[in-house]
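> I'd like to ask some things about the structure below.
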Ligand SMILES: [Zn+2]
């Protein structure tokens with residue numbers, strides 16, 4: 001089963017991986033509906049995970065509601081928590097559609113009709129991340145999925161995930177997973193839960209910021 005999100009397609013399996021990881025970067029891009037409870041959630045919801053066979057995914061909230069699902073009280077998928085979030089959502093959706101291209105920050109900013117400077121500030125303020133970090137994470141997610149679910153070579157996976165050089169691929173992958181793509185595949189690595197993104201404190205120490213900030217991948 002594939003669901004079209006904009007121009008790209010996330011497979012059922014990829015969406016499943018993202019909800020198992022409670023990955024808030026995909027909030028608003030799709031919704032998880034649970035057939036047994038008739039409740040729908042954000043990908044980042046930290047309630048107990050449903051069984052895989054009881055899950056269906058919706059790209060639009062009103063489709064989930066039309067199918068008779070009610071919003072989860074815990075993650076409140078029906079609310080945007082900030083008026084600025086609409087820009088961030090639009091930008092994230094654009095990144096997920098275009099991660100395979102040589103994406104420039106300006107492309108993303110043009111798409112949401114903000115300046116690059118303002119878009120970066122808005123991202124920082126709303127998510128404590130930059131568009132670059134989100135792009136890199138989306139690429140790493142795609143690579144991890146392919147390592148887990150395909151027998152493509154590391155080099156094919158590097159390019160198919162939108163990385164332009166193997167060295168960037170290895171560095172970015174290691175930063176997120178703590179191991180090389182080859183080691184990840186050998187270990188049959190589990191899906192790692194993300195830290196909750198929406199409630200991250202605004203102030204981080206400079207050392208922590210250096211640790212979480214990847215080198216520039218949008219140039
Ligand atoms: Zn929920």
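The values are calculated or read from the model by the stated rules, or taken from the named source; none is laboratory data. Treat the numbers as computed from the prediction; the structure is a model and nothing was measured. As a convention, Cβ positions derive from the backbone with ideal geometry for all residues, glycine included, and neighbour counts pool all protein chains shown.
> Pick from 55, 34: which is within 14 Å of the ligand (Cβ to nearest atom), within 20 Å of the chain's Cα centre (by Cα), surrounded by fewer than 20 Cβ atoms within 10 Å (Cβ to Cβ) and modelled with pLDDT of 95 or more?
Checking each option against the conditions leaves just 55.
> On the basis of being within 12 Å of the ligand (Cβ to nearest atom) and part of a loop (DSSP other than H, G, I, E, B), does residue 101 make the cut?
So residue 101 fails the test.
> Could you grab me the full set of residues in region 148-168 that are within 19 Å of residue 25 (Cβ to Cβ) and surrounded by 21 or more Cβ atoms within 10 Å (Cβ to Cβ)? Break it down stepwise before answering.
Narrowing region 148-168 to residues within 19 Å of residue 25 (Cβ to Cβ): 148, 161-163.
Of everything in region 148-168, those that are within 19 Å of residue 25 (Cβ to Cβ) and surrounded by 21 or more Cβ atoms within 10 Å (Cβ to Cβ) turn out to be 161, 162, 163.
> Looking for something on the phi > 0 side of the Ramachandran plot, at pLDDT 90 or above and within 16 Å of the ligand (Cβ to nearest atom) - is there at least one such residue anywhere in region 109-125?
No, the conditions are met nowhere in region 109-125.
> Let me ask something additional. Which of (1) surrounded by 14 or more Cβ atoms within 10 Å (Cβ to Cβ); (2) in the same structural domain as residue 163 (by TED's automatic domain parsing); (3) under 30 Å from residue 158 (Cβ atoms) is the odd one out, the single condition residue 29 does not satisfy?
(2)
> Which fully enclosed strands (runs of 3 or more DSSP E) of region 26-67 have 2 or more residues being closer than 19 Å to residue 138 by Cα?
So the answer is 31-34.
> Mind listing whichever residues of region 78-97 are touching a residue at least 60 places away in the same chain (Cβ under 8 Å) and in contact with a helix residue (DSSP H, G or I) (Cβ under 8 Å, 6 or more places away or on another chain)?
92, 94, 96, listed by residue number.
> How many residues does region 66-82 hold that are more than 10 Å from the ligand (Cβ to nearest atom) and surrounded by fewer than 17 Cβ atoms within 10 Å (Cβ to Cβ)?
Residues that pass the stated criteria total 9.
> Another question, if that's okay. Test of understanding: among 91, 143, which residue is surrounded by 19 or more Cβ atoms within 10 Å (Cβ to Cβ), more than 30 Å from residue 182 (Cα to Cα) and either away from the ligand (no atom under 16 Å from the Cβ) or at pLDDT below 95 (or both)?
Working: 143 fails: more than 30 Å from residue 182 (Cα to Cα).
Within the list 91, 143, the selection yields 91.
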